[in-house]
Amino acid sequence: MSNYQAEPWKIKMVEPIRQLSRPEREAAIVQAGYNTCLLDSRDVYIDLFSDSGVNAMSDRQWAAMMVGDEAYAGSASFTRLADTVRAYYGYPEVIPTHQGRGAEHILNRMLVRPGQHCPGNMYFPSTRVHQELNGGAFHDVIIDEAHDPSTVLPFKGNVDCDKLEKLIAEVGANNIPYLALGAPVNMAGGQPVSMANIDDLRALTSEHGIPLILDAARAVENAWFIQQREAGWANASIAEILRAMCDRTDGATMSAKKDSYANIGGWLGLRDAELATQARGLVVLFEGLHTYGGMAGRDMEAVAQGIEESVAEDNIRARIQQVGYLGDRLAAAGVPVMQPIGGHCVCIDAAAFLPHIPRERFPAQALAAALYVEGGVRGVERGMISAGRDPDTGENRTPNLELVRLAIPRRVYTQAHLDVVAEAVISLWHNRDSVRGLRFVHEPRYLRFFQAHFAPVD
Ligand SMILES: *Cc1c(COP(=O)(O)O)cnc(C)c1O
């Protein structure tokens, strides 16, 4: 790969990893109930379970942690974090939370009432659960193409404005507490949203008085795709594009475990001072004081420093390039992967990979387990199991996408590691007929994918 540019960092600290033998891996997956979520991480060679909180922090971030102010109230580290969020994301009101779902919890508790309708561009598990816990019903308003793994579009995460308008007409704007905009869309494999789409959504939601709330977890990655793909933005910096995205929204929930290179942390950003006062009232109950929100002072320092690094052009370029490298290698070998390759992960189309396994036998779950046995590589199911059951009917939801997600931690693995991953997937691709389907042995009620147990079926 002659055009593969070297990373803009060098390695200062290492963490040993080991590959178990194949019989040991076979025993480990049985022990884990064929659920890669339940594997002991020491038994995993290359861990692509998530890119959340598993980033390698920089020397600057570690140094910042040493000056963290652990004061219970009025921590100077909170001031640094809030100032940094205001500078780069532009929200005047910053409420710290322990991670993204803490911000989602507070936001949905404030905004969602029973019987209301919550539109979003494909769901994110924790977002939807918080909407539903508050009595809301989720509505997917993403463009149809996002549900087709093979359609290639530059902004496959866009909201379909017609779908949104139709929902508004049906239920009334008063029954829509906010529009949740994921940019990029995690569950669609990190597909970005265009600035033009955000403009349209701003106009539409303003017209109806509906708040527009950004899920900013990977907004920097989205900004990169806008810079690379959208007319008129090629000469803008990542920081400028990020700010332009946020400027078009009323608030954001943030998981600092993603873009911000932190191991923990999050925040809720708002413009409405009254809503922010209410949020500060809730954060004390559920997270911690409004000047730490469940984070240690040192965590807030790491997040603040991470935000500054996240918008550096060479950092974000290296990140997206690495994800693309793995995706392109798999695609070149004929492995069915979600197209185009997104910002944080490569998603294998498990339904196409294992056509002999019916959906109700969970091909993505089966493929994730088989990939662990094949190469000690851990990915995660994003399909039937993650989609859960419909709260009204109790039936399994059947999303169009049945994926195994290989999420790439930031600044953690080398190109050689990604080659190991590619070779394991390709070897399994050549032996795909040997993979068997699964059935539930234990099915938890909420976010079932984390703790479910399975057994193989013939
Ligand atoms: C991770 C994530 C969240 C939730 O954040 P946590 O920090 O895991 O609680 C919400 N939305 C998206 C898109 C995410 O990736």
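Details
- The stretch 1-107, accessible surface, carbon-and-sulfur percent (1.4 angstrom probe): 55 percent
- Three-way shape call for the stretch 60-310 based on the alpha-carbon gyration tensor, with the a/c threshold at 1.5: oblate
- Taking label points 7 Å from Cα along the Cα-to-Cβ direction, LYS166 and SER206 give a separation of 2.7 nm.
- Which of LYS257, LYS163, LYS12 is most accessible, then next, and so on - probe 1.4 Å: LYS12, LYS163, LYS257
- With contacts taken as Cα pairs under 8 Å at a separation of at least 6 residues, the chain carries a relative contact order of 23 percent.
- Largest to smallest accessible area among SER194, SER237 [probe 1.4 Å]: SER237, SER194
- For the chain, the antiparallel share of DSSP beta bridges with both residues in that region comes to about 65%.
- Heavy atoms of ARG101: accessible area, 1.4 Å probe, square angstrom to 10: 100 Å²
- Accessible-area order (highest first, 1.4 angstrom probe) of the listed residues VAL85, VAL441: VAL441, VAL85
- Area accessible to solvent at THR205, 1.4 Å probe radius, in Å²: 0 Å²
- When you restrict to C-alpha pairs under 8 Å that are six or more residues apart and normalise by the size of the stretch 205-277, the relative contact order lands at 31 percent.
- Taking 0.36 nm per residue of separation and subtracting the current Cα-Cα distance, fully stretching the chain between ARG229 and ARG436 would add 70.5 nm.
- Each Lys and Arg contributes +1 and each Asp and Glu -1, all at the Cβ; summed about the Cα centre of the stretch 60-310, the dipole is approximately 440 debye.
- Fully extending the segment from ILE17 to GLN31 would add 3.0 nm, taking 0.36 nm per residue of separation and subtracting the current Cα-Cα distance.
- With contributions of -39500 (n - 2.57) from each DSSP H run of at least four residues, the per-residue ellipticity at 222 nm computed over the chain stands at -12000 deg cm²/dmol.
- Residue-level accessible surface for ASP140, protein heavy atoms, 1.4 Å, Å²: 50 Å²
- Between the stretch 339-360 and the stretch 398-419, the alpha-carbon center distance in angstrom: 12 Å
- Between the listed residues ASN35, GLY157, MET384, the Cα displaced farthest toward the positive end of the dipole of the chain, a dipole computed from Cβ unit charges relative to the Cα centre, is found at ASN35.
- Cβ-Cβ FRET estimate between ALA173 and ASN400, R0 fixed at 25 Å, reported to 0.05: 0.30
- Per residue, in Å², the accessible surface of the stretch 60-310 once ligands and nucleic acids are set aside, probe 1.4 Å: 35 Å²
- Added length on full extension, which subtracts the Cα-Cα distance from 0.36 nm per residue, ARG42 to ASP458: 146.7 nm
- Expressed to the nearest 5 percent, the antiparallel share of DSSP beta bridges inside the stretch 60-310 is 50 percent.
The values are calculated or read from the model by the stated rules, or taken from the named source; none is laboratory data. Please read all numbers here as calculations on a predicted model, not as lab measurements. Cβ: placed from backbone, ideal geometry, glycine included. Neighbour counts: every protein chain shown. Side chains included, ligands, DNA and RNA excluded: accessible areas come from the protein's heavy atoms. Shrake-Rupley method; radii C 1.70, N 1.55, O 1.52, S 1.80 Å.
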